[in-house]
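Worksheet: the structure to be examined is printed underneath.
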Amino acid sequence: MAPHEKPSKYGGEQQGELSPLFGEKANLNGVSDPSTPDGEYSSKYDKYGLLSSRRLWTVAVVIVVIVTVILGFVQEEEESELEYVGPYKAKEIQKGDDFFSFYDFNEGADNPGSGGINDYVSYERAKEIGILNVTSDGSVYMGSAPSGADKSFKRQSIRLEGKTRFDRGLFVIDLDHMPAGCGAWPAFWLSDDEDWPNGGEIDMVEGINYQSKVKTALHTAAQCSMFNQFPQKVRTGTWEWAAGIYNRWSGIPDNKTLVETDNCWVSSPHQWTNQGCVTVSDQDDTLGVPLNKNGGGVFVMEWDPDNGYIRSWAFTPHNTVPENLVQALATADDKDESKRVAPDSSLWGLPYAYFAIGPGTDCTTNHFKQQRLIINLAFCGGVAGNRFYADCPAISKNFRNESIFEPVKSCERYMKTNPDEI
């Protein structure tokens, strides 16, 4: 083993201490800013930038999210054809002390659409209360903490919003650990939240209570359906099911009918509000406690409008990561460009999630545009809270109002006790 190499958790050798992220398909020399002449680069990032973090998310002293790698790749733009061609190229590297410079810290209450029982804090406040740190080896972790002297109010947490906007890309996040438990709702996602849902949303990794299967969800404006758009053989996962939808005329929930969640429109009448189109992994250890017992994993989302799809993979434990991806992660910031290995998704096997977009489909590519990376940890709210009864039946019994169906309020009552589980 050469002096600059170290044993890799992927099963081979890994160069240096880098943990990367890949974004779009762009110039292997970097992603050219659309506003700059060909061959020039925006001052926002150097031409070999990559988005990377050794470790990420630590919740409330006990709930921990550790991210080893976030990578973003793009392809070179062919001006005459107005399309992206060639191998993926590294776009940004985010790691160590520079990691947070790629993000803005959102401050204040969770947005009404999510409704989490938490307040997001600034970088300075997060450092002050010990829920954010960069270790000597470049690892980054984030977490949450109770607020108030009696620790019974909203939790203080972190929400990062990326400074770079994307219209395509290959995104890789390597997680060593992430939150799991009743009320926990960590997420790594992309969205144009300033023009939501018109700019779309892609949920890449979203932990919900004790769920153990990772999902990819798309949330869009109207006229984006996946019904009968592709054969099952292009993926290994399946659609999530919607049940208990309220009848719009009688107002009575229909608990007998199951509906595949293949409509991405946030107001689809046959799904829960803002459920979107959701594909669930076929592996039962890709999220939550099983994922953490595996030592984490590598998650990939490929957003490729030119080839007409959005696809997702989940590799856990780390020794299941394909060799091509291992090498791409290990060489992403090699100063010798000839030694960099381009990620090639055709070598990774079938994705668990597949969504058809673009010409010839029922979902045009303009449903997804100008999205930025978002990393946050919320509690209860519209997802973990609404699933509180279903995912945490034993705990929720102690916090229910038997006369009213209010899972979110019950989750909040539980969270305000500052449970040891957190």
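Straightening the chain between Arg125 and Gln232 buys 33.8 nm, computed as 0.36 nm per residue apart minus the Cα-Cα spacing. The packing ranking of peptides 302-312, 97-107, 345-355, highest mean first, is 302-312, 345-355, 97-107, where packing means the average number of other beta carbon atoms within 10 angstrom of each residue.
When the Cα convex hull of segment 265-422 is projected onto planes of every orientation, the mean area is 13.6 nm².
Of the accessible area of segment 94-162, computed with a 1.4 Å probe over protein heavy atoms only, carbon and sulfur atoms account for 47 percent.
Across segment 167-379, the convex hull enclosing all Cα atoms gives 140 Å³ per residue. Count Lys and Arg as plus one, Asp and Glu as minus one, and take only other residues whose Cβ is under 14 Å from that of Glu194; the net charge is then -2. Once the mean 1/r over all distinct Cα pairs of segment 94-162 is inverted, what Kirkwood radius in angstroms do you read off? Taking the inverse mean of 1/r over all distinct Cα pairs, segment 94-162 comes out at 12.7 Å.
If the chain linking Ala109 and Lys256 were pulled fully straight, counting 0.36 nm for each residue of separation and taking away their Cα-Cα distance, it would gain 49.2 nm.
Under the shape rule built on the C-alpha gyration tensor, where the axes satisfy a ≥ b ≥ c, segment 357-410 is prolate, since a/c reaches at least 1.5 and a/b is greater than b/c. The order of the peptides 156-163, 109-116 by mean Cβ neighbours within 10 Å, most packed first, is 156-163, 109-116.
The charge dipole of segment 276-422, taken about its Cα centre with unit charges on the Cβ of Lys, Arg, Asp and Glu (plus for the first two, minus for the last two), comes to roughly 580 debye.
The values are calculated or read from the model by the stated rules, or taken from the named source; none is laboratory data. Being a predicted model, the structure only gives us computed values, none of them experimental. With ideal geometry, Cβ positions are generated from the backbone for all residues, glycine too; neighbour counts draw on all protein chains shown. Just so you know, the surface numbers come from the protein's heavy atoms only, side chains and all, with ligands and any DNA or RNA stripped out. Shrake-Rupley method; radii C 1.70, N 1.55, O 1.52, S 1.80 Å.
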